[in-house]
Ligand code: TYM
């Protein structure tokens, strides 16, 4: 079974990206053939500074490694190193309809955020994502809840292709853990924590300093009342408790029991402690990783990914009726 997932090298990676995606990858890498990419083609669908994009791509690779993704077990590569992603996206684009793409929530949200740059790439973003996944004959796509619609779209596109041209692609499924699949913003618990949030108070960055983490948690919005419980009508506390519960490897019951006599201030102190206990060793590893080491891992990853991508593309071109080159 093959697993594929990716992260955009834009903005600051946050605890939502870790809990919703990377943490689950850590478990999967011991059981399946995993491929984790850095989706720089996707990143440029919104304006990027070229130098920062380069730095962020390297940074994401280092975060994968510092979080415990093992390059001996998995393939880590940069999306733009494999030409087949855009090649397959073009072909799949001829099967994706405008009405399907118009329904994509992420497109609607991003078009709202970047009103002056609603470009073709942003519109066809899910087609490129489908190409990422289908190119590697992926069965499992571990992601956060916000990506569910894109994975369903990918599965539909694969079925459509198979029906038209014969069995070619494996039909992928999203793997979305119930707990932590949608970590909410600390400044607004009704909207998901986001890398592109305007205020840094929205997210806990994986590379934030201890001071920043302390400040962000102390300023995090809370609900009315004082009870510290996983209650749907207390979205702010629910969200903070979820982060606490996942990082401390405890059950909801254990966490509620622990804080049953605490107030919000006590709880926030404990949350800060647990977040720092998680981030400090990750950051220590991150800052020790040399650029050279990362380049080698990415080169090796691209070599391995290339082999699989080429094989799929050869099949796809035959199926759609392209003359094979000499
Ligand atoms: P990106 O970079 O926006 O998000 C990376 C991963 O983090 C998850 N995530 C969250 N999980 C929980 N709570 C949150 N607040 C939160 N915010 C983000 C996302 O669901 C994702 O798993 N389109 C993808 C990148 C991509 C991709 C792919 C993913 C490109 N090609 C192929 C899977 C397969 C994205 O927007 O990533």
Of all residues in the stretch 164-194, which are within 10 Å of the ligand (Cβ to nearest atom), in a loop (DSSP other than H, G, I, E, B) and farther than 26 Å from residue 268 by Cα?
172, 176
Please enumerate the residues belonging to the stretch 39-63 that are within 13 Å of the chain's Cα centre (by Cα) and near the ligand (Cβ under 9 Å from one of its atoms).
39, 42, 43, 60
Just to check your reading of the model, which residue among 122, 164, 157 is more than 26 Å from residue 29 (Cβ to Cβ), loosely packed, with under 15 Cβ neighbours inside 10 Å and at pLDDT 95 or above?
164
State whether the residues of the stretch 202-222 include one that is under 20 Å from the mean Cα position of the chain (by Cα) and in a helix (DSSP H, G or I).
yes
What tally of residues in the stretch 1-38 results from selecting those that are part of a loop (DSSP other than H, G, I, E, B) and either modelled with pLDDT under 95 or closer than 24 Å to residue 279 by Cα (or both)?
9
Would it be correct to say that residue 116 is modelled with pLDDT under 95 and away from the ligand (no atom under 16 Å from the Cβ)?
yes
Got a sec? Which of 130, 96 is buried (at least 18 other Cβ atoms within 10 Å of the Cβ), within 28 Å of residue 306 (Cβ to Cβ) and more than 19 Å from the chain's Cα centre (by Cα)?
96
Which numbered condition residue 300 fails, given (1) without any contact (Cβ under 8 Å) to a residue 40 or more places away in the chain; (2) assigned by TED's automatic domain parsing to the domain that holds residue 161
(1)
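The values are calculated or read from the model by the stated rules, or taken from the named source; none is laboratory data. Since the model is a prediction, treat every value here as computed from it, not as a measurement. No Cβ is skipped: glycine too gets one built from the backbone with ideal geometry, and neighbour counts run over all protein chains shown.
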